[in-house]
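What follows is one structure encoded as structure tokens, with my remarks underneath.
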Amino acid sequence: MDARLEAIRDTVLARNPGEGEFHQAVTEVFDSLGPVHDRHPEFLEAAILERLCEPERQIIFRVPWTDDAGRVRINRGFRVEFNSALGPYKGGLRFHPSVYLGIVKFLGFEQIFKNALTGMPIGGGKGGSDFDPRGRSDAEVMRFCQSFMTELYRHIGEYTDVPAGDIGVGGREIGYLFGQYKRITNRYESGVLTGKGISWGGSLVRPEATGYGTVIFTQEMLKTRGASFDGQRVVVSGSGNVAINAIAKAQSLGATVVACSDSSGYIVDEAGIDVGLLRQIKEVERGRLKDYEARRSAVSYVDGGSVWDVNATVALPCATQNELDGDAAARLVRNGLLAIGEGANMPSTRDAVAVFQDARVLFGPGKAANAGGVATSALEMQQNASRDSWSFAHTEQRLTEIMVGIHDRCAATADEYGDPGNYVLGANIGGFVKVADAMLAQGLI
Ligand code: GLU
């Protein structure tokens, strides 16, 4: 890393102790930014990096609720409003027991660059709670969401901060959150949340967008090597919203997706995963992946273990941060990997990224490859602002244009900075310069 940037990075790390994932995300971005600061000394003079690493506002709050047995429960809520140079803070809410400030800050930091890359007018933010929705009844989830919004509402708004979903927050949770916001504020403010239901201000394609976008981005990378998804053998990690829609899109382009996983294990289905069955189990029944094995022939379920043991030509990590380490990366490369597109946020460790880059595997980092979700959220905001609702085909067309645009911008930036095919460099520099220019123009704030 450039020595000037390293000094700034060290200060950021010392100032934010115990936030490992945030440290990792900052280090990964700073690794790419040396050459930009050679060309733009004004960014150093204006302390752009120091300002970028300090969120504009951080809100931490108590979320009290009662479970179905009447027992009082307490969780911790977060919203980190990181950067508003390009638009209102925008980013999802994650409900998962692992959530703490370091996770929210890594996600919020990544979101700044991701959102800049989409070309849409959105800043970066993220939030969530250590609440675990798994095993909770709808009534418990509703009471939790209502309590969460009872504090959050005063910090958000269509021109201020626009939350959406992430792990553990889907259409059900967004519904309860929106209902409570409307009730407290007495405003039908559609643009305050995205990922809404289609009959009440949501956008078609939003549920599919992150997974579809990841596949579209990866397809563009494959094209640079004269390949496509057609005939590829694909392994996906995860089996939530992003994974399911990535599987569907990859298979529609002629790939065979042979494996996917959940936190307990993975399935191998050599005939290609039956997306309808997977949706039924995961989305309708809210069940576990293990149930898939019994309901389809010639499927093996591996309890525990790593889905990255399954050989593939394309890998799509769509589960969570740091799910793919250096050893797994080396195994995938040995087994003939051609490309990897990150549907999750920071799923590859720094070691894994180094392995992929050394092997010249096509590597699409999450902040570029999974930007289709938030980009379609911005399309939802656009529809809400004009009180319009677009067709599936039109919205999907817009998503495709945005993903191809992100790919091309990353590739062109990598070329411009003398490292063709380095999408990490392209994404980090491409996102950063846009935000840095806007921050300079808006003065010291
Ligand atoms: N949580 C998603 C992400 O990581 C989407 C955020 C949004 O739609 O605002 O980008």
Residue in the stretch 403-418 that is closer than 24 Å to V257 by Cα and among the small types (G, A, S) present | no
Checked D132, D138, D166 against criteria (of a type in the set (D, E) and buried (at least 24 other Cβ atoms within 10 Å of the Cβ)); the one match is D166
Do we have any residue at all in the stretch 179-193 that's closer than 26 Å to M346 by Cβ, within 14 Å of the ligand (Cβ to nearest atom) and not in a helix (DSSP H, G or I)?
-> yes
Neighbours by Cβ (under 6 Å, 6+ apart or cross-chain): first from the stretch 188-205, more than 19 Å from A393 (Cα to Cα); second within 15 Å of the ligand (Cβ to nearest atom) and among the aromatic types (F, W, Y) = L193/F178
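One line per residue, one yes/no per condition, for (1) over 24 Å from L86 (Cα atoms); (2) touching a strand residue (DSSP E or B) at 6+ places or on another chain (Cβ under 6 Å); (3) at pLDDT 95 or above:
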site	(1), (2), (3)
V333	yes, no, yes
N345	no, no, yes
V353	yes, no, yes
F363	yes, yes, yes
A368	no, no, yes
V374	no, no, yes
A378	no, no, yes
S391	yes, no, yes
G405	no, no, yes
Those residues of the stretch 306-320 which are in contact with a Leu (Cβ under 7 Å, 6 or more places away or on another chain) and either free of Cβ contacts under 8 Å to residues at least 40 places away in the same chain or within 11 Å of P347 (Cα to Cα) (or both), in sequence order = P317
Would you say T214 is within 15 Å of the ligand (Cβ to nearest atom), in a helix (DSSP H, G or I) and in contact with a strand residue (DSSP E or B) (Cβ under 8 Å, 6 or more places away or on another chain)?
-> yes
Counting residues that are away from the ligand (no atom under 16 Å from the Cβ) and not aliphatic (A, V, I, L, M), which helices (runs of 4 or more DSSP H) fully inside the stretch 348-421 reach at least 2?
-> 350-358, 392-416
Identify the residue in the stretch 226-251 that is closer than 21 Å to Q280 by Cα and small (G, A, S) and, among all such residues, is surrounded by the most Cβ atoms within 10 Å (Cβ to Cβ).
-> A246
Expected output for the stretch 232-250 (first residue farther than 24 Å from A329 by Cβ and modelled with pLDDT of 95 or more, partner part of a strand (DSSP E or B) and among the charged types (D, E, K, R), Cβ below 8 Å, 6+ apart or cross-chain) is none
By residue number, the members of the stretch 86-104 that are more than 11 Å from the ligand (Cβ to nearest atom) and touching a strand residue (DSSP E or B) at 6+ places or on another chain (Cβ under 6 Å) are F95, V99, V104
How many of the residues making up the stretch 65-85 are more than 29 Å from A139 (Cα to Cα) and either hydroxyl-bearing (S, T, Y) or more than 16 Å from the ligand (Cβ to nearest atom) (or both)?
-> 2
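The values are calculated or read from the model by the stated rules, or taken from the named source; none is laboratory data. Just so we're clear, the structure is a prediction, and the values are computed from it rather than from any experiment. Cβ sites come from the backbone with ideal geometry, for glycine too, and all protein chains shown count toward neighbours.
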